[in-house]
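K.L.:
Please see the structure below; I have some questions.
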Amino acid sequence: MYGWVQKMISKTKMARYSLPPKFTLVFFLAIICITDGKYLTLDYYSKTCPKVSDIVHSEMESAMSSDPRVAPQLLRMHFHDCFVQGCDGSVLLDDTATFKGEKTAGPNMKSIHGFGVVDKIKSRLESECPGVVSCADLLALAAKDAVILVGGPYWDVPLGRKDSRSASFEKANTDIPLPNDGLMTLIAKFLAKELTPTDMVALSGSHTIGVARCTSFRDRIYGDYQYTSKDGVELAKLKEICPVKGNDDNITNLDYTTPTLFDNAYYGNLMRGQGLLNSDQELYSSILGFQTVGLVKKYAEDSLLFFKHFSDAMVRMGNVTNPHGGEVRKNCRIMN
Ligand code: HEM
C-alpha cells in the first residue's frame, strides 16, 4: 500500500518537495478522505453498536406497518440532508429563537416529513448504545431500509458520518434541485455534489414511490406538456386534484402506475410523457438530454441495471460528507 502511495506521489509535483515518507502518506490519505468520504467504513459500529443496522431496520419496519408513507419520506430526507453541507443531519435541526435551520427552506417547508420516526429510532439507539450513532448515519441506514421494505435493492451502507453543528437555510434553497429546474440546472446541481448525470437519472428513480403536492406539479400539468404528454383521462384527474389556483397541498402519486412499489415503472412513465414533475420529464424530453435519454430507456427495459446503478449512486450520495466534522447528537433536533 505504502509503495503504491509513493509511486503516485512521485508522479506528481509533490515529489519535488521530498516530504518525509510518513508525512506524505498521511497527507495523501487526508486528501482522499476530504474529497470523497472514503473514511466511512462498513464496520464503523462493529464494536460500539453492533446491532445498529438491526435496530434501524426493525424500527423502520414497525413505523411502516402503521404508515407506509414513511418509506418515501425517509428516503427523501436523506437526499435533502446530503445536498446541504453533506450528509450531516443538518436537515434535522429545529429552528430556535437564535438559530434558523433548513426545515423552513422552500424545498423542505410542508414537504419533508418523518421527523417523528427519526426521533423514535434515535431514542432506541440512545438506549442501546448512548452517544454513539450519529443522526446522519441513522438517516443513511433508514433510507436503505425504506427502499428494501418497498421492494427495492439492498446495499451496504458505509458509516461514520458526524452530525453538524450548523445548518444552512440558504444552501437548502439553492442546492436542492427544484421541480421546475431545467435539465442543465439539474445536472449542475448534482455535479456540484460530485454526482454524475448517470447518478442523477438513477437517483431520480426514487420517484417510483411517494407523492408530490399540487404546488410541485401545477406548472407541469398546465404547462407545455399538457397536450403532448398526458393522456386525457390522467390529465383530467390531475387537474381535479390540482386546480389552476388553490389546493396547493393536495397530493398525488409520483408514479401513478405502481405508486407503492420500488420498481422501474417510473422510467416507462417518462417514455410515455407521464412524468409528474417537470424535472422528471426533462430526463427524457429535454432537447439537451443526450446524456440522460438513453439511460431512461435502459432503466425502463432492465430493472436489474436500474437497481445496480441506484444502489451505487445511493452510496455515492451518502459519501457527500461535511468536511468540518461534528459530533454525535444526543437528540437529532438539537446540537449537544
Ligand atoms: C432530480 C432532482 C429532484 C427533484 C427536482 C426532486 C423534487 C421532488 C419534489 C418536488 C417532490 C415532491 C415534494 C412535494 O411536493 O412536497 C419530490 C418527492 C420525492 N423525492 Fe424527489 N427530487 C429529485 C431527486 C430526488 C432524489 C435524488 C431522491 C432520493 C434519493 C428523491 C426522493 C424523493 C421521494 C422519495 C419523494 C416522495 C416524498 C414523499 O412521498 O413524502 N428525489 N421530489
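K.L.:
If we keep just the residues of the stretch 62-115 that are among the small types (Gly, Ala, Ser) and without any contact (Cβ under 8 Å) to a residue 60 or more places away in the chain, which is nearest to the ligand (Cβ to nearest atom)? Spell out how you get there, then give the answer.
P.N.:
If we filter the stretch 62-115 for residues that are among the small types (Gly, Ala, Ser), which is where we start, we get 62-63, 65-66, 71, 86, 89-90, 97, 101, 105-106, 111, 114.
Next cut, without any contact (Cβ under 8 Å) to a residue 60 or more places away in the chain only: 62-63, 65-66, 97, 114.
Details: Ser62: 19, Ala63: 14, Ser65: 17, Ser66: 16, Ala97: 27, Gly114: 8 Å.
Among those residues, the one meeting the criterion is Gly114.
K.L.:
Do any residues in the stretch 186-210 that are within 19 Å of Gly86 (Cα to Cα) and in the same structural domain as Tyr284 (by TED's automatic domain parsing) have Cβ atoms under 8 Å from those of residues that are outside any helix (DSSP H, G or I) and among the charged types (D, E, K, R), where the two are at least six apart or on different chains, and which pairs are they?
P.N.:
Lys189/Asp181
K.L.:
Hey, another quick one. Evaluate the following for Ala167: is it touching a Leu at 6+ places or on another chain (Cβ under 8 Å), among the small types (Gly, Ala, Ser), assigned to a loop (DSSP other than H, G, I, E, B) and over 24 Å from Asp248 (Cα atoms)? Spell out the reasoning first.
P.N.:
Values: touching a Leu at 6+ places or on another chain (Cβ under 8 Å): yes; among the small types (Gly, Ala, Ser): yes; assigned to a loop (DSSP other than H, G, I, E, B): yes; over 24 Å from Asp248 (Cα atoms): yes.
So Ala167 passes the test.
K.L.:
Would you confirm, using the coordinates I've provided, whether Thr198 is within 14 Å of the ligand (Cβ to nearest atom), surrounded by 15 or more Cβ atoms within 10 Å (Cβ to Cβ), closer than 18 Å to Leu288 by Cβ and not basic (Lys, Arg)? Give the steps one after another, and end with the answer.
P.N.:
Working: within 14 Å of the ligand (Cβ to nearest atom): yes; surrounded by 15 or more Cβ atoms within 10 Å (Cβ to Cβ): yes; closer than 18 Å to Leu288 by Cβ: yes; not basic (Lys, Arg): yes.
Yes, satisfied.
K.L.:
Could I ask something else about it? Considering each of Ser90, Ser134 in turn, give the residue that is more than 30 Å from Asp248 (Cβ to Cβ) and buried (at least 24 other Cβ atoms within 10 Å of the Cβ). Walk me through it before giving the result.
P.N.:
On the way: Ser90 fails: more than 30 Å from Asp248 (Cβ to Cβ).
Exactly one residue qualifies, and that residue is Ser134.
K.L.:
Moving on. Could you tell me which residue of the stretch 93-131 is surrounded by the most Cβ atoms within 10 Å (Cβ to Cβ), considering only residues that are in a loop (DSSP other than H, G, I, E, B) and among the charged types (D, E, K, R)?
P.N.:
The residue in question is Glu102.
K.L.:
Okay, next question. Is it fair to say Cys129 is touching a strand residue (DSSP E or B) at 6+ places or on another chain (Cβ under 6 Å) and of a type in the set (A, V, I, L, M, F, W, C)? Show your work before the answer.
P.N.:
Numbers: touching a strand residue (DSSP E or B) at 6+ places or on another chain (Cβ under 6 Å): no; of a type in the set (A, V, I, L, M, F, W, C): yes.
No.
So that you can scan it fast, the table gives a plain yes or no per residue for (1) within 30 Å of Gly325 (Cα to Cα); (2) near the ligand (Cβ under 9 Å from one of its atoms); (3) among the aliphatic types (A, V, I, L, M):
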position	(1), (2), (3)
Leu138	yes, no, yes
Ala142	yes, no, yes
Val150	no, no, yes
Pro158	yes, no, no
Ala172	yes, no, yes
Leu178	yes, yes, yes
Tyr222	no, no, no
Cys242	no, no, no
Thr252	no, no, no
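K.L.:
Let me ask something additional. Looking at this structure, is Pro68 over 21 Å from Lys330 (Cβ atoms) and either part of a loop (DSSP other than H, G, I, E, B) or not assigned by TED's automatic domain parsing to the domain that holds Phe115 (or both)? Give the steps one after another, and end with the answer.
P.N.:
Values: over 21 Å from Lys330 (Cβ atoms): yes; either part of a loop (DSSP other than H, G, I, E, B) or not assigned by TED's automatic domain parsing to the domain that holds Phe115 (or both): yes.
Yes.
K.L.:
Within 13 Å of the ligand (Cβ to nearest atom), part of a helix (DSSP H, G or I), hydrophobic (A, V, I, L, M, F, W, C) and surrounded by fewer than 23 Cβ atoms within 10 Å (Cβ to Cβ): which single residue out of Leu235, Leu203 fits that description? Don't jump to the end; show me each part of the working.
P.N.:
Details: Leu235 fails: within 13 Å of the ligand (Cβ to nearest atom).
Exactly one residue qualifies, and that residue is Leu203.
The values are calculated or read from the model by the stated rules, or taken from the named source; none is laboratory data. Treat the numbers as computed from the prediction; the structure is a model and nothing was measured. FYI the Cβ positions are ideal-geometry reconstructions off the backbone, even for glycines, and counts take in every protein chain you see.
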